[in-house]
Each structure stands twice: as structure tokens, then as C-alpha cells.
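Remarks on the structure that follows.
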Amino acid sequence: MEGSLLLLSFDEQLFQQTNGQTGEKLEQALEGNFQFEKQTAIWGAPIQSNEFLLEQERAEKFCFQLIKNYWGGLDLFFNDSIYETNNSNGKMEQFFADQQNRKVLFSFLHTQGEVALDQLVEYIFSKPVPVTHIQTELKKIYVYKVDNHYFVQPVYCANEKYWEIVGAKKIYSLFLQVPLMEITRPVELMRHFKALLAGQLTANRIATIIHKLVQKIDFENPKSDEIKQLHLLNVRTHFTSGRRHMLKLRKCIQALLENWSTGKFALNTKEQTLLGYMLFQEAVYKGDYRSILLQGMFLIEEERINNHAIELVVEYADVLSSMSPQPDTLVKDYRKNYLEHVFYELINSVVKEEQFELGIELLKNYELASCAALFQLLHADETETILHMIEATVQRDIALFVDGSPQNIRESIILWQQQYLNKNSDYYRIAEMTSQHICNLLKILFWAEEDLLVEKLLAVYKKYLLIPHHFQYLRQFIERRVALC
């Protein structure tokens with residue numbers, strides 16, 4: 001056994017062969033032990049799964065002993081209370097002193113799949129306990145059922161990257177060798193595979209590996225909801241893996257829509273909305289204004305993206321930005337909330353494509369297309385007496401952004417006006433985005449002959465947010481429209 005680590009026999013032998021090194025050293029060790037086709041390999045040599053899968057009895061014993069050794073004797077501190085600390089440490093010792101808890105612990109482990117110290121402590125004490133101050137030699141453990149056996153992989157703090165790669169190699173091997181229906185929660189396991197590779201390989205390389213692996217799994221297994229979910233994970237990986245994969249995104253999504261549009265496992269509305277959102281963002285990335293309009297309208301029609309908002313953010317946090325929408329604000333980073341960004345890009349594309357009738361419909365039907373004040377003014381019978389709402393909104397937004405409070409409006413505005421045009425300031429990015437949006441709103445309102453709103457919004461814009469090249473384009477637009485009249 002290497003050093004003081006409690007290792008599985010397979011892991012111990014592999015560690016000795018590789019001396020804890022990954023890359024070529026690990027590949028050479030695996031190639032010497034296992035036969036495989038180099039030409040068709042997705043990520044180098046796999047491992048024969050029967051070499052590392054454990055029977056339940058052995059898995060239970062190993063996991064109980066491992067966690068008892070590394071986490072069972074730790075000193076826990078609760079609110080600096082000696083009584084509570086001693087009582088808590090005693091509870092940990094009691095749990096591991098009782099061998100009957102072996103099965104209880106193992107059930108918890110393979111139900112969770114991935115377990116770190118804080119999860120174990122919360123499970124034993126039935127409440128969250130801060131453990132960040134505790135140093136331990138075991139970072140986490142993975143436990144998954146595979147047919148009648150178990151995949152068990154500790155990740156030790158010493159040589160952490162080595163153990164992450166070994167764990168990833170085992171998961172990779174399972175997907176190549178075991179029928180998908182025999183793997184418990186395969187989509188979750190694929191997410192762990194992706195996470196284990198993060199920081200070890202480039203995002204581009206990880207996306208390529210996952211793409212090829214999912215294609216192979218699809219080819220060798222019958223159609224199922226799990227395979228559909230793996231394809232969705234694959235598409236999301238392309239979406240988050242940089243320029244090269246973003247350019248492949250539309251083709252991947254179209255293939256997914258074609259193959260999973262009908263039948264028992266057809267894409268549901270939530271999944272179609274997710275794909276629509278990624279196509280929308282791909283169109284934004286390419287500057288394809290017609291596609292932005294097409295996909296953006298798909299998302300907001302029938303309240304698709306609103307109806308599935310919570311599910312989408314919880315399940316696909318890697319794709320959708322989750323900050324709460326702020327309909328009362330006009331000065332903000334529109335990228336921080338996915339729905340606000342959809343409307344920001346829709347309004348921009350409406351102007352680029354000169355679809356002004358659609359633009360005014362969006363402003364009248366959706367508060368997030370502008371802000372609460374403008375939305376209210378568009379529906380008011382008498383606007384002159386409440387036009388001050390626009391300036392009040394912008395002043396409050398600036399104060400909140402500069403000072404974090406609406407209390408010091410005057411001082412905040414002075415500081416903002418001094419700095420927002422400086423490209424190195426904290427304010428420029430927000431000012432630039434808001435300026436672009438307000439100019440687009442002004443163009444739509446000018447087309448719709450909302451003269452009072454245009455006059456007031458333009459005055460506020462020039463006072464607090466004017467960016468010269470945006471304003472120049474706005475002037476040119478108005479001059480052209482006036483000439484056409």
C-alpha cells in the first residue's frame with residue numbers, strides 16, 4: 001500500500017506502475033495491461049471494468065473503513081462550544097463504532113453518487129455543519145451501482161489530479177463496455193466524467209471526447225430517455241466550450257431535433273425551450289439578426305421560457321444565467337439574466353432588421369423589453385404628468401450601481417458622470433450596454449410617433465448615458481426617418 005493511503009488493490013497496483021503520473025506514463029501502463037484498438041480509441045486506453053468493479057460486500061467494507069479512517073476521527077468545532085464539540089465528536093465516533101452502520105453508510109453513498117466531507121457530516125448530524133477549516137487526506141468519494149457490482153473511486157488530496165484522471169478513465173471504460181441500462185444514473189455519471197476532466201484537459205478536448213463517447217453510446221444501445229439526456233448534455237458541452245464548438249452547435253441541435261422529435265422519448269417543451277435558447281445565443285454569437293428574431297420570438301411566445309424558468313435555471317445552470325430579472329431597472333448588465341438578455345437582443349435585432357412594428361408590440365406587451373417606468377408610460381392615458389418616472393428610474397439605477405444604495409443619488413451621479421466614458425472604469429461596460437439599448441428604444445418609439453416619450457427619454461439619455469458613437473447613429477436614423485416623411 002502506497003504511503004499511508006488506504007487504496008483499492010487495483011488502484012495500488014496502478015499507482016505503483018505509474019508512480020502517480022498521468023499522461024504517457026498512465027497510458028503505457030494501461031496499454032500494457034489491456035488490449036484495445038488504438039485507431040478507434042476516443043480517449044486512449046480503457047480499463048477492463050471487471051478489474052475495478054467491486055461486489056457489494058467488498059464495496060461496503062472498503063467504503064466504511066475508508067471513511068472511518070479519513071473522516072471518522074476528525075475534530076469538529078461547533079460555535080466554539082467545548083460541550084457541543086465534544087458531544088459532536090462523540091457522535092461521529094459512535095456512528096463508526098457500530099458495524100451495523102456499514103450498510104446505512106453505503107446506501108447513503110451510492111444514493112448520493114458523489115460525497116464530500118460536508119455532506120457526510122450533514123447526513124450524520126441531520127443539519128449543515130461548517131467544515132471548511134478541517135484538513136483531510138480524502139477529498140471525496142464516488143460510488144455508483146453498475147449491474148450487480150459497484151464503481152467506487154476515492155479522490156485523495158495527495159496526487160489529486162492523478163486520482164481524478166484514474167476516476168475519469170474508469171467512467172470512460174464503463175461507458176465503452178457496459179450496457180447503458182446497467183449503469184445507475186448514467187447522465188449524472190457523465191457529468192462527473194466531464195467535471196473530473198475539467199482543469200486536466202482543454203474545454204475543446206473535453207467537448208470532443210464527450211461528443212464521440214455519446215455517439216458511440218447511442219450507436220450501441222437502444223433508444224432511451226437516458227440517451228436523449230446524454231445528447232442534451234453533449235449539446236450543452238458544445239455550447240460552453242468556445243468558438244470552435246459554438247460553430248458546430250446548430251448542426252448538433254438540428255440532428256437532435258430530427259432524431260428526437262417523435263416517439264416515446266420525444267423532446268418535451270422544456271427541452272425544446274433549452275435548445276431554442278442555445279440556438280438564440282448561437283445566433284447572437286454569429287450576429288445573425290434574423291435567427292435572433294426567429295429563436296427569440298419562439299422563446300417568449302406562449303410564455304415558453306417563463307413557464308420553465310425555474311426548471312431551466314436549476315437543471316441547466318451551465319447554460320442559463322440565473323440572476324433574478326430586474327424589471328424596475330434600465331441601467332444594468334443585460335447579460336446577467338437570461339430573459340432580460342433575450343429581450344435586449346430581440347430589441348437590437350428588431351432595429352437592425354427594421355421590424356419596428358414588432359418592436360413597438362414587444363414594448364407594449366413585455367415589461368422586460370424596456371423597464372417598468374416606460375412600460376407604464378406606454379399604457380398611461382396621460383403621460384405628461386408622470387414623465388419624471390424615467391429620470392427617477394435612471395438616477396436610482398446609477399446610485400444603486402455606484403453606491404449600492406439609493407440614498408446618495410447626487411454624489412453617485414457626479415461620480416458616474418465623471419467616469420462612465422472611461423473604458424477602464426467600472427461603469428463603462430454597463431453604460432455602453434444601456435446606451436445601446438436606449439438608442440434602440442428611442443428608434444422604435446420615434447417610429448411609433450411616441451413624441452413625448454422620445455423627448456423625455458432622449459433628454460435623460462443625453463444627461464446620464466450618452467456615448468458619442470451611439471448618439472451619432474441615432475441622429476443619422478432620425479434624420480433619415482424625417483427625410484422619408
- [ ] Within region 131-152, identify whether any single residue is under 19 Å from GLY23 (Cα atoms) and in contact (Cβ under 8 Å) with a residue 60 or more places away in the chain, and answer yes or no.
- [x] no
TODO: Mind counting the residues in region 402-450 that are without any contact (Cβ under 8 Å) to a residue 60 or more places away in the chain and of a type in the set (Lys, Arg)?
DONE: 2
TODO: May I ask you to list pairs of residues, at least six apart or on different chains, whose Cβ atoms are under 9 Å apart, with the first in region 174-191 being closer than 15 Å to LEU53 by Cα and the second being assigned to a helix (DSSP H, G or I) and small (Gly, Ala, Ser)?
DONE: LEU174/SER49; LEU176/SER49; GLN177/SER49; VAL178/SER49
Task: Output for region 301-311, where each listed residue is in contact with a helix residue (DSSP H, G or I) (Cβ under 6 Å, 6 or more places away or on another chain), assigned to a helix (DSSP H, G or I) and of a type outside the set (Lys, Arg) - done: ILE305, GLU311
TODO: Could you check LEU76 against (1) modelled with pLDDT under 95; (2) part of a helix (DSSP H, G or I); (3) of a type in the set (A, V, I, L, M) and say which number it fails?
DONE: (2)
Open item on the list: Can you tell me how many residues within region 96-117 are in a helix (DSSP H, G or I) and within 14 Å of TYR70 (Cβ to Cβ)?
Closed with: 4
Open item on the list: Which pairs turn up if I take residues in region 372-386 that are surrounded by 13 or more Cβ atoms within 10 Å (Cβ to Cβ) and look for partners that are of a type in the set (D, E, K, R) with beta carbon separation below 6 Å, at least 6 apart in sequence or on another chain?
Closed with: ALA372/ASP328; PHE375/GLU367; LEU378/LYS364
Task: Extreme residue, nearest to GLN376 (Cα to Cα), among residues of region 458-478 that are among the β-branched types (Val, Ile, Thr) and surrounded by 17 or more Cβ atoms within 10 Å (Cβ to Cβ) - done: VAL460
- [ ] Just name the residue that is surrounded by the most Cβ atoms within 10 Å (Cβ to Cβ) out of those in region 427-457 that are of a type in the set (D, E, K, R) and on the phi < 0 side of the Ramachandran plot.
- [x] LYS443
Task: All helices (runs of 4 or more DSSP H) inside region 1-72 with 2 or more residues being at pLDDT below 95 and more than 27 Å from ILE217 (Cα to Cα) - done: 9-18, 56-71
Task: Which numbered condition ARG335 misses (of (1) assigned to a helix (DSSP H, G or I); (2) surrounded by fewer than 19 Cβ atoms within 10 Å (Cβ to Cβ)) - done: (1)
Task: region 315-332, residues that are within 12 Å of the chain's Cα centre (by Cα), farther than 20 Å from ILE292 by Cα and surrounded by 15 or more Cβ atoms within 10 Å (Cβ to Cβ) - done: GLU315, TYR316
TODO: Filter region 205-225 for residues that are charged (D, E, K, R) and not in a helix (DSSP H, G or I) and give the result.
DONE: LYS223
Task: Those residues of region 290-314 which are surrounded by fewer than 17 Cβ atoms within 10 Å (Cβ to Cβ) and in contact (Cβ under 8 Å) with a residue 40 or more places away in the chain, in sequence order - done: ARG290, MET297, GLU311
Open item on the list: Just to be sure I understand, how many residues within region 122-156 are over 25 Å from TRP43 (Cβ atoms), of a type in the set (A, V, I, L, M, F, W, C) and either under 27 Å from the mean Cα position of the chain (by Cα) or not assigned by TED's automatic domain parsing to the domain that holds VAL178 (or both)?
Closed with: 3
Open item on the list: Would you confirm whether or not region 338-349 contains a residue that is of a type in the set (D, E, K, R) and surrounded by fewer than 21 Cβ atoms within 10 Å (Cβ to Cβ)?
Closed with: no
- [ ] Among the residues of region 79-108, write down those that are of a type in the set (A, V, I, L, M) and modelled with pLDDT of 90 or more.
- [x] ALA97, VAL104, LEU105
Open item on the list: Quick check on region 343-399: of everything there that is of a type in the set (Asp, Glu) and modelled with pLDDT of 95 or more, which residue is nearest to the chain's Cα centre (by Cα)?
Closed with: GLU345
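Every residue, every condition in (1) at pLDDT below 95; (2) assigned to a strand (DSSP E or B); (3) within 22 Å of LEU66 (Cα to Cα); (4) of a type in the set (D, E, K, R), yes or no:
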{"site": "TYR142", "(1), (2), (3), (4)": "no, yes, yes, no"}
{"site": "LYS145", "(1), (2), (3), (4)": "no, yes, yes, yes"}
{"site": "TYR150", "(1), (2), (3), (4)": "no, yes, yes, no"}
{"site": "PRO154", "(1), (2), (3), (4)": "no, yes, yes, no"}
{"site": "TRP163", "(1), (2), (3), (4)": "no, no, yes, no"}
{"site": "PHE175", "(1), (2), (3), (4)": "no, no, no, no"}
{"site": "LEU196", "(1), (2), (3), (4)": "no, no, yes, no"}
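The values are calculated or read from the model by the stated rules, or taken from the named source; none is laboratory data. All values reported here derive from a predicted model rather than from experimental measurement. For neighbour counting, all protein chains shown are included, and Cβ atoms are generated from backbone atoms with ideal geometry for every residue, glycine included.
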